1. Taking the range 92-131, which trypsin sites (Lys or Arg not before Pro) meet the DSSP loop condition and have no more than 16 other C-beta atoms within 10 Å?
2. Relative to the longest principal axis of the C-alpha atoms of the chain, give the angle of the C-alpha long axis of helix 101-130, reported between 0 and 90° and rounded to the nearest 10°.
3. What is the Cα radius of gyration of the range 57-131 over 2.2 N^0.38 Å, N being its residue count?
4. Quick one: dipole size for the chain, taken about the Cα centre, charges +1 on Lys/Arg Cβ and -1 on Asp/Glu Cβ, in debye to the nearest 20.
5. If you filter the range 1-88 for chymotrypsin sites (Phe, Trp or Tyr not before Pro), then keep DSSP loop positions with at most 13 other Cβ within 10 Å, what is left?
6. Please determine, in degrees from 0 to 90 and to the nearest 10, the orientation of helix 10-29 with respect to the longest principal axis defined by the Cα atoms of the chain, where the helix direction is its Cα long axis.
7. For the range 56-62, what does the Karplus curve 6.51 cos²θ - 1.76 cosθ + 1.60, with θ = phi - 60°, yield as ³J(HN,Hα) per residue in whole Hz, taken in order and with x for Gly and Pro?
8. What residue among G103, F55, M68 has its Cα farthest toward the positive end of the dipole of the chain, where the charges are +1 on Lys, Arg and -1 on Asp, Glu, each on the Cβ?
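Values quoted throughout were computed directly from the atomic coordinates according to the rules given, and no laboratory measurement underlies them. Everything quoted here is computed from the prediction, not taken from an experiment. Note that each Cβ is placed from the backbone with ideal geometry, even for glycine, and that neighbours are counted across all protein chains shown.
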Amino acid sequence: GQTDKRGVPAAAIWSSVAFGFVAVIFNYTSPETVFEFLLNSSGAVALFVWLVICFSQLRMRRIIERDMPERHTVRMWLYPYLTYATIALILFVIGYMFYDAEGRQQMIMSVVVGALVLALGVWRQRQRRRV
């Protein structure tokens, strides 16, 4: 992101500190629910990250093979079938998390936050293109 004149990512640090304080307050007011929520939502975020990695790998490999075949040095076995199988498995786990009564709320919140982050990223990218 952005850094100040000393090279410090101040906005990222301050937002992390603010999130930390909010998490401590919530942990103090309702400790039994906060830990479970953070545990489930971090698992959901990890699944989303791996899903994005899979789709990126499918897209970027096609581009590299088409435009820069000499840069394609890492060979993945069972490509693209293993990537598609991984996507299917991740989607299955996400679907199960929606189906499970205990994890549903965390999964819904994770999807909402993920959608907001995605929308913000698309908006920022469009703003940069205009400049």
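1. none
2. Rounded to the nearest ten degrees, it is 60.
3. Working it through for the range 57-131, the quotient is 1.56.
4. 960 debye
5. Passing both the DSSP loop test and the Cβ count: W77.
6. Around 50 degrees separate the two axes.
7. 5, 5, 4, 6, 5, 5, 4
8. Checking the options against the dipole of the chain, the answer is M68.
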